[in-house]
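Asks: Input: one structure, supplied below.
The values are calculated or read from the model by the stated rules, or taken from the named source; none is laboratory data. Fair warning: this is a prediction, and the values are worked out from it, not measured in the lab. Please note: Cβ atoms are built from the backbone with ideal geometry, for glycine as well, and neighbour counts cover all protein chains shown. Keep in mind that these areas ignore ligands, DNA and RNA; they rest on the heavy atoms of the full protein, side chains included. Shrake-Rupley method; radii C 1.70, N 1.55, O 1.52, S 1.80 Å.
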Amino acid sequence: MHDLKRIQNELFWGVGPMLGFQQIPEEFSHVLWNLAGLKFSQKYSHVLEIGVATGYSALAFNHFFNVDLFTLIDDGKHLRFNEVKKVLSDVNYSILIGDSTSKKAVDFVKSKEISYDLIHIDANHEYDYISQDFDNYSQFLSEDGVIVLHGTLHLDGPRRVLIETYKMERKGFKVLCNIGNRFGSAIIGRNRV
């Protein structure tokens with residue numbers, strides 16, 4: 001299992017200085033540490049990332065969890081999106097450039113015929129988009145898989161999805177961990193009660 005201090009050091013000085021790292025290292029290190037604790041006996045073999053930006057979150061997930069395959073969806077509009085290919089040059093991934101809420105994107109994921117151990121949602125943070133991303137892609141979550149929802153502290157869309165999950169309005173899911181810092185992230189899993 002990874003220890004928090006090691007993860008923080010590697011995010012600040014090792015894996016990066018991930019020169020273009022989009023997440024806040026001290027916050028993302030807590031996400032990684034909590035994920036490591038949840039999967040202490042397994043690994044995150046298949047990861048779906050919605051909202052790739054420059055690819056550094058996927059690179060960090062791969063560094064700490066040695067992921068077998070990433071499925072990535074991004075609209076390609078980030079100013080440094082062109083760096084993804086270089087950043088992820090040693091990572092096994094397939095990518096769709098387009099709107100994550102589109103039928104084409106959902107069909108792309110469905111065509112993989114994979115259950116994902118980890119789904120990272122960090123694309124458009126407006127409620128309608130993030131709610132649709134959650135609903136569209138949670139169906140592909142493995143039985144023991146988790147969803148990481150970014151932006152739950154200060155962004156209305158992710159915060160509303162998080163509150164709905166707490167209130168059990170998103171049937172079948174529960175909040176496992178809510179990590180507060182500057183933007184906040186939540187780790188959500190299946191509710192097997």
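Asks: Residues with beta-carbon under 12 Å from that of Gln132, excluding Gln132: net charge, scoring Lys, Arg +1 and Asp, Glu -1?
Replies: Details: positive: Lys103; negative: Asp99, Glu126, Asp128, Asp133, Asp135.
That sum, taken over residues with Cβ under 12 Å, equals -4.
Asks: Apply 1/(1 + (r/R0)^6) to the Cβ-Cβ distance of Lys43 and Glu143, taking R0 = 22 Å, and write down the FRET efficiency to the nearest 0.05. Please report the intermediate quantities before stating the final value.
Replies: Numbers: r = 15 Å, r/R0 = 0.68.
Efficiency, rounded to the nearest 0.05: 0.90.
Asks: Still on this model: Restricting attention to the alpha-carbon atoms of region 101-186, what are Rg (one decimal) and Dmax (integer), both in Å?
Replies: Here Rg and the maximum Cα pair distance are 12.5, 36 Å.
Asks: Something else about it: For region 49-193, divide the Cα radius of gyration by the Kirkwood radius and give the resulting Rg/Rh value with two decimals. Don't skip to the end; give the middle numbers.
Replies: Working: Rg = 14.4 Å, Rh = 15.4 Å.
Rg divided by Rh gives 0.94.
Asks: How much area per residue is accessible in region 112-193 when the probe is 1.4 Å and only protein heavy atoms are counted (Å²)?
Replies: Details: 3850 Å² over 82 residues.
Roughly 47 Å² per residue, with all protein chains present.
Asks: A follow-up question, please. Counting only protein heavy atoms and a 1.4 Å probe, tell me what percentage of region 55-193's accessible area is made up of carbon and sulfur. Spell out each step's value before the answer.
Replies: Values: 3270 of 6850 Å².
Of all accessible area on region 55-193, carbon and sulfur atoms account for 48 percent.
Asks: Now for a separate question. Grab the Cα-Cα distance for Glu164 and Ser102, subtract it from 0.36 nm times how many residues apart they are, and report the gain in nm with one decimal.
Replies: Details: separation 62, 0.36 × 62 = 22.32 nm, distance 2.28 nm.
So the chain would gain 20.0 nm between Glu164 and Ser102.
Asks: Now for a separate question. Given the convex hull of the Cα atoms of region 73-133, what is a quarter of its surface area in nm²?
Replies: On the way: hull surface 18.9 nm².
So the mean shadow area of the Cα hull is 4.7 nm².
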